[in-house]
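One structure below.
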Amino acid sequence: MKILVTGCNGLLGQKLVELISTMSDHYLIATAKSKLIPTLGRGEFQTLDISNHNDVVEITSKTKPDVIINTAAMTQVDQCETEREKCWQANVASVEYLVEACKNNNVHLVHISTDFIFDGSHGPLNENEKPNPISYYGESKLAGEVAIQKSSINWTILRTVLVYGVTQDMSRSNIVLWVKKSLEEGKTINVVNDQWRTPTLAEDLALGCFLAATKKMKGIFNVSGEQMMTPYDMAIATADFFKLDKSLIQQTDSTKFTQPAKRPPKTGFIIDKAKRELGYQPHSFIEGLRILSAQLTIKH
């Protein structure tokens with residue numbers, strides 16, 4: 001099977017390159033806007049900016065993949081709120097280009113979405129929950145979902161939550177790495193205790209994408225961790241795991257932060273459908289920290 005992955009320099013994209021390019025029975029077409037960061041085993045690299053319509057049309061018809069896994073998106077929530085045109089181009093127009101290319105070349109599309117399409121009034125949520133975004137990022141990701149669902153292509157939408165992990169180039173940090181680095185530097189950090197999520201290890205999400213791609217399962221699937229945790233819970237668990245000073249972690253609530261975009265207070269996902277139909281099985285948060293720790297050791 002030929003699998004084209006977009007956004008291969010991002011956290012999830014890098015994990016997919018590591019996973020798929022080592023497999024003898026699958027051929028990876030890794031794509032990114034700029035030079036590829038992860039090491040490519042088997043397969044090929046193509047420069048692709050999915051917000052460029054001609055690029056999408058040309059690369060898809062040239063490489064003829066069986067499946068496209070779209071991990072490329074603008075995910076900085078506050079930046080999406082203030083740079084709306086750029087956000088819409090990245091998260092909606094780009095998805096429409098991919099849908100068109102998939103339709104013209106008979107390609108199955110696996111698309112990554114987010115818990116931010118919900119208002120956060122309650123959780124954890126299943127796949128039938130009614131979306132109600134409270135940020136522009138959430139609106140754009142929902143519009144991307146709708147564009148796919150209204151199309152005639154074969155598609156899978158994977159919704160995920162708060163992804164963490166380690167890559168070769170950490171252009172953006174994530175909660176675990178931020179907590180670890182701050183505590184190692186002896187900094188006091190304020191972490192919210194009034195938002196609930198089911199944090200997701202990047203390797204788990206990559207495997208969920210791969211399972212969806214190879215099974216070509218149509219529909220919406222929640223693919224995240226299983227444990228409901230607040231960022232404060234995650235910070236304490238990270239401090240304990242790495243034997244760092246957790247007295248530096250101060251509990252706070254989201255009213256103390258002024259951010260351009262609203263965050264849903266409570267999301268988190270019920271993942272029974274993905275377990276049952278995809279064979280998805282995530283690691284616990286502590287197991288995730290163990291995997292991340294081993295990778296950091298190798299890096300250094």
Worksheet entry | Electrostatic dipole magnitude of the chain [Cβ: Lys, Arg +1; Asp, Glu -1; Cα centre; debye, to 20] | 300 debye
Worksheet item: Could you give the accessible area per residue of the stretch 22-75, probe 1.4 Å, as a whole number in Å²?
Response: 48 Å²
Response to the item:
Zone reached by a paramagnetic label modelled 7 Å from residue 259 Cα along Cα→Cβ, restricted to the stretch 98-117 with backbone N below 17 Å, covers 114-117
Practice prompt. Tell me, for the chain, which Cys residues have no other cysteine's C-beta sitting closer than 4.7 Å.
Written response: 8, 102, 209
Item to complete: Compute from the Cα atoms of the stretch 61-200 the Rg and the Dmax, the latter being the longest Cα-Cα distance, and quote both in angstrom.
Response: 17.1, 55
Response to the item:
Here the percent of antiparallel bridges among DSSP beta bridges lying wholly in the chain, to the nearest 5, is 5 percent
Fill in: Alpha carbon convex hull of the stretch 1-71, volume per residue in cubic angstrom
70 Å³
Worksheet, complete the sentence: If the chain between residue 248 and residue 34 were fully extended at 0.36 nm per residue, the gain over the current Cα-Cα distance would be 73.2 nm
Practice prompt. Divide the volume of the convex hull of the Cα atoms of the stretch 154-300 by its number of residues and quote the answer in cubic angstrom per residue.
Written response: 131 Å³
Worksheet item: In the structure shown, do any of 216/266; 15/216; 2/103; 150/273 have a Cα-Cα gap over 25 Å, and if so which?
Response: 216/266
Worksheet item: Amide H to amide H, which residues 5 or more places from residue 192 or on other chains are under 5 Å from it, using H placed in the peptide plane?
Response: 232, 252
Item to complete: List the residues whose amide H sits under 5 Å from the amide H of residue 155, counting only those 5 or more places along or on another chain, with H placed 1.01 Å from N in the peptide plane.
Response: 109, 219
Discussion item. Using the crude model of +1 on Lys and Arg Cβ and -1 on Asp and Glu Cβ, and no other charge, please compute the dipole size for the stretch 60-198 relative to its Cα centre, in debye to 20.
Written reply: 340 debye
Practice prompt. Treating the Cα atoms of the stretch 37-110 as identical point scatterers in vacuum, please give the log10 of the normalised Debye intensity I(q)/I(0) at q = 0.16 Å⁻¹, two decimals.
Written response: -0.62
Worksheet item: Residue-wise, which Karplus ³J(HN,Hα) couplings in Hz belong to the stretch 187-198, taking 6.51 cos²θ - 1.76 cosθ + 1.60, θ = phi - 60°, and x for glycine or proline?
Response: 8, 7, 10, 9, 10, 6, 10, 10, 10, 10, 9, 10
Fill in: Long-range tail of P(r) for the chain (Cα pairs > 38 Å, %)
9 percent
Worksheet item: With the dipole of the stretch 158-221 worked out from charges on the C-beta (+1 for Lys and Arg, -1 for Asp and Glu) around the Cα centre, which of 162, 207, 186 lies farthest toward the positive end?
Response: 207
Discussion item. Rounded to the nearest percent, how much of the accessible area of the stretch 20-84 (1.4 Å probe, protein heavy atoms only) is carbon and sulfur?
Written reply: 47 percent
Worksheet item: Accessible area per residue of the stretch 115-191 at 1.4 Å probe, in Å²?
Response: 43 Å²
Discussion item. How large a share of the accessible area of the stretch 143-200, in percent, is made up of carbon and sulfur atoms when the probe is 1.4 Å and the other protein chains stay in place?
Written reply: 47 percent
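The values are calculated or read from the model by the stated rules, or taken from the named source; none is laboratory data. These numbers were taken from a predicted model, which means no experiment stands behind them. Note: ideal-geometry Cβ built from the backbone for every residue, glycine included; neighbour counts use all protein chains shown. These area figures cover heavy atoms from the full protein model, side chains too; ligands, DNA and RNA do not enter into them. Shrake-Rupley method; radii C 1.70, N 1.55, O 1.52, S 1.80 Å.
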